[in-house]
1. Given axes a ≥ b ≥ c from the Cα gyration tensor, I'd like to know whether region 29-83 is rounded (a/c under 1.5), prolate (a/b larger than b/c) or oblate.
2. In debye to the nearest 20, how big a dipole does the chain give about its Cα centre with +1 on each Lys and Arg Cβ and -1 on each Asp and Glu Cβ?
3. Give the lysines reachable from Lys231 as a straight Cα distance under 30 Å; neighbours fewer than 8 places away on the same chain don't count.
4. How tilted is helix 61-83 with respect to the longest principal axis of the chain? Cα atoms for both, answer in degrees (0 to 90, nearest 10).
5. Run the dipole for region 119-186 about the Cα centre, Lys and Arg Cβ at +1, Asp and Glu Cβ at -1, nothing else charged, and hand back the magnitude in debye, nearest 20.
6. Output ³J(HN,Hα) for region 26-36: one whole-Hz value per residue in order, computed from phi by the Karplus curve 6.51 cos²θ - 1.76 cosθ + 1.60 with θ = phi - 60°, and x for Gly and Pro.
7. Just tell me the longest site-free run in the chain, where the sites are GluC sites (Glu not before Pro) in a DSSP loop having at most 12 other beta-carbon atoms within 10 Å.
8. May I ask which residue of Val91, Thr144, Ile74 lies farthest towards the positive end of the charge dipole of the chain, with charges of +1 (Lys, Arg) and -1 (Asp, Glu) on Cβ and the Cα centre as origin?
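Read the figures in this text as sums done on the coordinates, not as results from a lab. From a predicted model like this one, the values you see are computed outputs, not experimental measurements. A quick note on method: Cβ atoms are made from the backbone with ideal geometry, for glycine too, and the neighbour counts reach across all protein chains shown.
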Amino acid sequence: MGNSDASGCFPPPGPASRLFAVKHKGKAKAAFHRMMLRALGIYWVLGLLLIMVSHFLFPGILMIGVMALTGLLIGFALFAGYFFRDPDAQVPAGNGLIVAPGHGTVDVIDETEELSVMGGRCRRVSIFLSVFNVHVQQAPVAGTVIRVRHTPGQFLNALKLESAALNENVLIGFQTSEPSCGPVAIKLITGLIARRIIPWVQEGDTVAKGERVSLIQFGSRVDIYLPLQSKVAVALGDRVVGGETVVARLEG
């Protein structure tokens, strides 16, 4: 990863960071293509059923049915293409900056217990992702992935704050590049509609700040756990951009 600057916790972005930034580029588009293949399969099955119904029961329904099915397919394709968009993050330069892991609205800022990665009391910033937000997540810091843990759970509406504790989730822990700065973790949380979390990293991987690390399909929530000495730089109601918005500052 290169040498870190002695004045802060994280090395400034450089050529290696730019290489990492595109490491998982295109995976969201691949997920969109897979979903559209499944949608096309459903479209053809329903089309065959429609032909059978038209032939044996309602002769006049075929044209109307085909137009309705085609309209639904086109509408779904437009929505899915918008949902799976994956813009490049403009990662801010500077030492000790922790960026948002996801795109959405900050609706919780508090302190909590997180034992698996943080080892106890820590700060938490929770970000709600609506179905209209980008659903690719980014690494909030540069460092090494030290934990990837899947926890089964419920599928409550992600607007409900209790979803952070009760819903199915994936926890990803990062050891920042400078050991004295300690760990940072993110929790990817499913929602009522979002029922699939796809991590793109595994334990032992090295990541750059702002690198793509996961995808959650449809509305959901992302929590970020920060050391107590960090200074939160966002407020309730703020809209944040994954890999770009500074959510906290941390000095070594």
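1. Verdict is oblate for region 29-83.
2. Values: 23 positive and 18 negative charges, 126 e Å.
It comes to approximately 600 debye.
3. Straight-line reach from Lys231, under 30 Å: Lys23, Lys160, Lys187, Lys209.
4. 10 degrees
5. Details: 6 positive and 3 negative charges, 31 e Å.
The calculation lands at about 140 debye.
6. x, 6, 5, 5, 5, 5, 4, 5, 5, 5, 5
7. Details: sites that count: Glu162, Glu203, Glu251.
With GluC sites (Glu not before Pro) excluded where exposed in loops, the chain gives 1-161 as its longest stretch.
8. Ile74
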